[in-house]
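A.B. asks: After the structure tokens below, expect a handful of questions from me.
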Amino acid sequence: MSTAPSTQVTPKRSFTASASVYVNERTSLAGFVKELGRKAFPDHWSFLLGEIALFSFVVILISGTFLTFFFQASMAEVHYDGSYVPLKGVEMSVAMASTLDISFDIRGGLFVRQMHHWAALLFVAAIGLHMLRIFFTGAFRKPREFNWLIGFTLFILAMGEGFTGYSLPDDLLSGNGLRIIDGLIKGIPVIGTWTSFLLFGGEFPGTAIVGRLYTLHILLLPAIVVALIAIHLVLVVVHKHTQYAAPGKTQQNAVGPPILPIYAAKAGGFFFIIFGVLALIASLFTINPIWNYGPYDPSPVSAGTQPDWYIGFADGALRLIPPGWEFVWLDRTWSFNILVPLIAIGIFILLVVAYPFIEAWVKGDHREHHIADRPRNAPTRTAIGAAGVTFYAGLWAAASSDILATHFSLTMEGVIHALQAMVIIGPFVAYFIAKRVCIALQKKDREVVLHGYESGRIVKLPGGEFIEVHQPLDEYDRWKLVSYESYEPLMIRPNARGKITVGQRLRAGMSRWFFEDRIAPVTKGELEASHSAHH
Amino acid sequence: MAQDDHSGTELAAADSSHEALAPTASPGTALISSDAFENPGFPPHRPRVTDEDPKKEKRAQRTVYTLFYLSILGSVWAVAAYMLFPIESNDVGAVRLNNMFIGLGATLALLGLGFGIVHWGKAIMDDVELADERHPIGGSPETQAAAAKVFSDSDKESGFTRRSVIRNSLIGALIAFPLPALVLFRGFAPQDQLPVELLSHTMWAKGTRLALDPSGVPIKAADVTIGSAFHIIPEGLAELEHGKLEEKAKAAVLLMRLEPSELNQAPDRESWSYDGIVAYSKICTHVGCPVALYEQHTHHLLCPCHQSQFDVANHCEVIFGPAKRPLPQLPIAVDDEGYLIAQSDFTEPVGPSFWERS
């Protein structure tokens, strides 16, 4: 017939090919696949930290969805009538009773609940480590500053998700956690009392808080987290991943296995490994045994209770305040024992958020940076990071001050005073040590480039002298040690109107602080000079 | 070196495009040495053992499919465990077995899959490495100019800059419109209550008997021996239909008896205790945890949350920790039948500090 269709399907096409044609002709996905399918993805173990965060979040979504089918976010009072005998007949909220039912009356329920909790702990930990990796390798530099902000927001949201989830079972520990939050909020000037009153729907504890936190926990916060993760990953694709200095890798390329198939296989497989490890932990290790704590009651408490690890730094900050930091002034109560921790943590957070912009301003460097730094090659940044980690670690350790005191037979006061010193003096000590170590490592790198590495071969010279032969590096190994840039301190120069501005002075001062002690990479001339000196 | 942005190319010789593509942006204070080493280019490709030895490749294949079969086994085991280890028998041990065996089955299923896929990717799939070319994130100057033109055109066409009265009134309206939503938040708590009023009173009143927590049985002065401590609630609290926890969160009290000679009492508070028996709010003045750890021989109370310590012998003054104010004292007496009673409510708000407190 003359009306035969103009596009004839060749019968030989494989099923996969015809399926992809079918889909593409309805979605135009081929362009997308062509664009992304063979993108090179740089490879390094430290890049897995972000993946752990992403994959544990997927596990949280999957396990959390299962839990929502059983959990009831109500604070109505019931008498427990489930399988766990020691609590039979005890008055508790529906939230607590349904959590016990998940644990004791639904097969596999405890497994899913524990996996959800362990995955949440891993999620926050992985984000934290991922951020440290980004910080210490300078992967926040242009063009990735926004992704630093998004990632940081995700870290805060993850802690929010963690805390709201921790509060849902309405057991003794979660109620105590909320009591502390209530006390914290009440200590905030002007708005504190009313904020607490509105949040709890009246007096603490009220009957509203679990339902409200549930809405935040399963609707609002996850929606924001999912949206931000999506933007975060889109930006990773737009920027292409950073890579470490290595022969052939430049600022202008991204080198690694293609997304399809190798990267997809490794990342996809890694998802199942993370999922599997969480399943293993959940099947063997108890987490948050609420049946041991019982329902919330404002009166009893047990010693040695701890918040989930990621809240520790805030709890520790509260513990480190010396006695007496609260005043009545103008007929109002100023609770500096609460404000100071809040402000200190707030400043810390602001510094973390602002750091990429500060460093960029000091350097005045407007180029894109796609080669991640070795931490030693940015000594001041690494030292600042070490100081920040020490500060955080001090606060975090303080959340276990009572446990430290009892386990190591120390006095409560001694532990607190030691940690107060660690939080205030520790960062300076850590800064100094880290900076010196970085510079020493850079000197060692120079030494290795200039004089080779120790080969372990001892040779006796005709005159009887013993020497160890130093083996020069090949050009590939050498490249890793010399392929960085050092920055020099800024020279203050008057601007067009012949003035030196305050901003300029500040920048010069910061620049001196950053780059006064610096080790420049070995140049070709230096290497030649060192060779001729040897001969 | 020919490179394709989207599909990548096999690694080729040394990268020579460094200079050609060098960014024009300012390097700031970075030192760019003219004598720096040049990138030596990609090192020669090193084949894996599975590329060179067919036996090793075969073995890798066996490992991968064995892992996948183990994974299937794990899934089947998890399903079987669901049925083999029921938990309906009011038996905590059964819960543990159910949890463990379902979990271990799932673990095997997931780890078999995960390690299998990764091993396939690392040992068997072609060891391809590609290099994508990077382009400036800002895009080409033409695109940037076109984008800027979109904004300037739309500004010109709408008159957003020129018609400033319209624009400013729009901004005003946009600021005002969310305000009604803020007001709605007042409904988060009962309309007929005020927080400061609620925080200033507890259930204690003149004549309320001190009762044991949680049973609600009243306690006689004679039952309180020297050195003992009791957790106390007001009589009637245990029977409350509504608001039990809210009242308890304010009214919980610790009752202790010391040798009267060990108590340093202020003259105006001498009548608040009875024969060495004193009652103090149990709610920490820091952030509200129950101060429940009593060290009998030192008469110190310790808050388990943030380790504030209070000295019972000295009106619960703070001796260590972040709390500032002493625990409020409940004035007590004894009624005709020998039961301990409150003389009045607390004379100050209990619990954590708040702004309007003075």
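A.B. asks: For the stretch B:223-241, list residues with backbone N below 17 Å from a point placed 7 Å from the Cα of B:Ser261 toward its Cβ?
C.D. replies: B:226-227
A.B. asks: Next question. Based on the mean of other beta carbon atoms within 10 Å per residue, what is the order of A:263-272, B:280-289, most packed first?
C.D. replies: Working: A:263-272: 19.6, B:280-289: 27.7.
Sorting A:263-272, B:280-289 by mean packing, highest first, produces B:280-289, A:263-272.
A.B. asks: Which whole-number percent of Cα pairs in the protein assembly as shown have a distance greater than 36 Å?
C.D. replies: Working: 248036 of 398278 pairs.
Taking all Cα-Cα pairs of the protein assembly as shown, the fraction more than 36 Å apart is 62 percent.
A.B. asks: Here is a follow-up. Taking the 0 to 90 degree range and rounding to the nearest ten, how far is the long axis of helix A:15-27 tilted relative to the main principal axis of chain A, both from C-alpha atoms?
C.D. replies: Tilt relative to chain A: about 80 degrees.
A.B. asks: Can you pull the one-decimal nm distance between simple spin-label points at A:Ala230 and B:Gln296, each 7 Å off the Cα toward Cβ?
C.D. replies: It works out to 6.4 nm between the two label points.
A.B. asks: Taking just the alpha carbons, could you work out the radius of gyration and Dmax for the stretch B:49-131, both in angstroms?
C.D. replies: My reading of the Cα-based Rg and Dmax gives 18.3, 61 Å.
A.B. asks: When you count, for each residue, the other Cβ atoms within 10 Å and take the mean per peptide, how do A:72-80, A:203-211 rank with the highest first?
C.D. replies: A:203-211, A:72-80
A.B. asks: Could you sort the peptides B:143-155, A:354-366 by per-residue average Cβ neighbour count (10 Å cutoff), highest mean leading?
C.D. replies: Put in order of decreasing packing, that is A:354-366, B:143-155.
A.B. asks: Given R₀ = 41 Å, what would the calculated FRET efficiency be for B:Val79 paired with A:Ser302, taking r from the Cβ atoms and rounding to 0.05?
C.D. replies: Numbers: r = 39 Å, r/R0 = 0.95.
Efficiency, rounded to the nearest 0.05: 0.55.
A.B. asks: Let me ask something else about it. Tell me which aspartates and glutamates have Cα within less than 14 Å of A:Lys142's Cα, excluding those fewer than 8 residues away on the same chain?
C.D. replies: The reachable aspartates and glutamates, counting only those whose Cα sits under 14 Å from A:Lys142, are A:Glu359, A:Asp365, A:Glu368, A:Asp373.
A.B. asks: Give the angle, between 0 and 90 degrees and rounded to the nearest 10, that separates the Cα long axis of helix A:524-534 from the longest principal axis of the Cα atoms of chain A.
C.D. replies: That helix lies at roughly 60 degrees to the long axis.
A.B. asks: Evaluate the relative contact order of the stretch B:210-344 (contact order divided by residue number), counting alpha-carbon pairs under 8 angstrom at least 6 apart; express in whole percent.
C.D. replies: Relative contact order of the stretch B:210-344: 22 percent.
A.B. asks: To the nearest 20 Debye, how big is the dipole of the stretch A:321-461 about its Cα centre, given +1 on the beta carbon of each Lys and Arg and -1 on that of each Asp and Glu?
C.D. replies: Once rounded to the nearest 20, the dipole reads 900 debye.
A.B. asks: Within straight cross-link reach of A:Lys435, meaning Cα distance under 23 Å, which lysines are found once same-chain residues fewer than 8 apart are removed?
C.D. replies: Within the straight-line cut-off, A:Lys435 pairs with A:Lys363, A:Lys443, A:Lys444, A:Lys480.
A.B. asks: Could you please state, rounded to a whole Å, how far the C-alpha centre of the stretch A:257-327 is from the C-alpha centre of the stretch B:222-286?
C.D. replies: Measuring centre to centre over Cα atoms gives 37 Å.
A.B. asks: Enter the mean number of other protein chain beta carbons within 10 Å of the beta carbon of each residue in A:245-251, as an integer.
C.D. replies: Counting other chains' Cβ atoms within 10 Å and averaging over A:245-251 gives 6.
A.B. asks: To two decimal places, what compactness ratio does the stretch B:115-207 give when its Cα radius of gyration is scaled by 2.2 N^0.38 Å?
C.D. replies: Its radius of gyration relative to the 2.2 N^0.38 Å reference: 2.55.
A.B. asks: Beyond a 19 Å Cα-Cα separation, which of these cross-linked pairs lie in this structure: A:Lys240/B:Lys149; B:Lys206/B:Lys250; B:Lys58/B:Lys122?
C.D. replies: A:Lys240/B:Lys149
A.B. asks: Any chance you could give the angle, 0 to 90 degrees and rounded to 10, that helix B:141-158 forms with the longest Cα principal axis of chain B?
C.D. replies: 60
A.B. asks: Give me A:Asp182, B:Asp126, A:Asp445 ranked fewest to most by other Cβ atoms within 10 Å of their Cβ, as a rough exposure proxy. Write down the numbers at each step before the final one.
C.D. replies: Values: A:Asp182 27, B:Asp126 9, A:Asp445 21.
Listing A:Asp182, B:Asp126, A:Asp445 from fewest to most nearby Cβ atoms yields B:Asp126, A:Asp445, A:Asp182.
A.B. asks: Hey, fewest Cβ within 10 Å first, where do A:Phe140, B:Phe115, B:Phe310 land in order? Kindly include the intermediate steps, with their values, before the conclusion.
C.D. replies: Numbers: A:Phe140 24, B:Phe115 21, B:Phe310 27.
If I rank by nearby Cβ atoms, fewest first, I get B:Phe115, A:Phe140, B:Phe310.
A.B. asks: Provide the gained length on full extension for the span A:Thr406 to A:Tyr22, in nm with one decimal, where the gain is 0.36 nm per separating residue minus the Cα-Cα distance. Write down the numbers at each step before the final one.
C.D. replies: Details: separation 384, 0.36 × 384 = 138.24 nm, distance 6.83 nm.
Gain on stretching A:Thr406 to A:Tyr22: 131.4 nm.
A.B. asks: Counting only Cα, what are the radius of gyration and maximum Cα-Cα distance Dmax of the stretch A:27-181, in Å?
C.D. replies: Rg and Dmax of the stretch A:27-181, Cα atoms, are 20.6, 63 Å.
A.B. asks: Next question, about the same structure. Between the DSSP loop rule and a limit of at most 13 other Cβ atoms within 10 Å, which trypsin sites (Lys or Arg not before Pro) in the stretch A:453-505 are left?
C.D. replies: Passing both the DSSP loop test and the Cβ count: A:Arg497, A:Lys499.
A.B. asks: When only Cα pairs under 8 Å and 6 or more residues apart are kept, what is the percent relative contact order across the stretch B:49-131?
C.D. replies: Averaging sequence separation for qualifying contacts and normalising by length gives 41 percent for the stretch B:49-131.
A.B. asks: Rank these for me by crowding, B:Val278, A:Val237, A:Val225, going from fewest to most other beta carbons within 10 Å.
C.D. replies: So the residues, fewest neighbours to most, are A:Val237, A:Val225, B:Val278.
A.B. asks: OK, next. Tell me, Kirkwood radius of chain B from alpha-carbon pair distances, in Å? Before the final figure, lay out the partial values.
C.D. replies: On the way: mean 1/r = 0.0330 Å⁻¹.
In chain B this quantity evaluates to 30.3 Å.
A.B. asks: Evaluate peptide A:512-525: per residue, the Cβ atoms of other protein chains within 10 Å of its Cβ; return the mean as an integer.
C.D. replies: Average neighbour count from other chains, rounded to a whole number: 2.
A.B. asks: Contact order normalised by length for chain B, with contacts defined as Cα pairs under 8 Å and 6 or more residues apart; what percent is it?
C.D. replies: Normalised by residue count, the contact order of chain B is 12 percent.
A.B. asks: So if we plug the beta-carbon distance of B:Asp91 and B:Glu337 into 1/(1 + (r/R0)^6) with R0 = 51 Å, what FRET efficiency do we get, rounded to 0.05?
C.D. replies: Calculated transfer efficiency: 0.60.
A.B. asks: Could you size up the charge dipole of the stretch A:73-209 around its Cα centre, putting +1 on the beta carbon of Lys and Arg and -1 on that of Asp and Glu, and report it in debye to the nearest 20?
C.D. replies: On the way: 9 positive and 11 negative charges, 180 e Å.
The dipole of the stretch A:73-209 has a size of about 860 debye.
A.B. asks: Dividing the alpha-carbon radius of gyration of the stretch A:453-534 by 2.2 N^0.38 Å (N being the number of residues), what value is obtained?
C.D. replies: On the way: Rg = 21.8 Å, N = 82, 2.2 N^0.38 = 11.7 Å.
So the Cα radius of gyration is 1.86 times the expected 2.2 N^0.38 Å.
A.B. asks: A:Lys34: which aspartates and glutamates have alpha carbons under 13 Å from its alpha carbon, excluding same-chain residues fewer than 8 sequence positions away?
C.D. replies: The reachable aspartates and glutamates, counting only those whose Cα sits under 13 Å from A:Lys34, are B:Asp4, B:Asp5.
A.B. asks: No solvent, one uniform scatterer per C-alpha: report log10 I(q)/I(0) for the stretch B:198-342 via the Debye equation at q = 0.13, 0.15 1/Å, two decimals.
C.D. replies: These q points yield log10 I(q)/I(0) values of -0.52, -0.71.
A.B. asks: With +1 on the Cβ of every Lys and Arg and -1 on the Cβ of every Asp and Glu, and nothing else charged, how large is the dipole of the protein assembly as shown about its Cα centre, in debye rounded to the nearest 20?
C.D. replies: 3000
A.B. asks: Right, next: How many Cβ atoms of partner chains, on average, are near each residue of A:412-419 if near means within 10 Å of its Cβ?
C.D. replies: 2
A.B. asks: Roughly speaking, what is the centre-to-centre gap between the stretch A:433-479 and the stretch B:86-140 when only Cα atoms are used, to the nearest Å?
C.D. replies: One Cα centre to the other: 43 Å.
A.B. asks: Compute the FRET efficiency between B:Ser140 and A:Leu260 as 1/(1 + (r/R0)^6), taking r as their Cβ-Cβ distance and R0 = 22 Å, and round to the nearest 0.05.
C.D. replies: Plugging the Cβ-Cβ distance into 1/(1 + (r/R0)^6) gives 0.20.
A.B. asks: With a cap of 15 neighbouring Cβ atoms within 10 Å, and only residues DSSP puts in a loop, list the chymotrypsin sites (Phe, Trp or Tyr not before Pro) found in the stretch A:427-514. Mind dumping the intermediate values first?
C.D. replies: Numbers: sites: A:Phe428, A:Tyr431, A:Phe432, A:Tyr453, A:Phe466, A:Tyr476, A:Trp479, A:Tyr484, A:Tyr487, A:Trp513, A:Phe514; in loops: A:Tyr484.
Those that pass, being in a loop and sparsely packed, number zero.
Any read-out appearing in this document is the output of simple, stated calculations on the displayed coordinates, not a laboratory observation. Just so you know, these numbers come straight off a predicted model, no measurement behind them. Don't worry about glycine lacking a Cβ; one is built from the backbone with ideal geometry, like all the others, and counts go over all protein chains shown.
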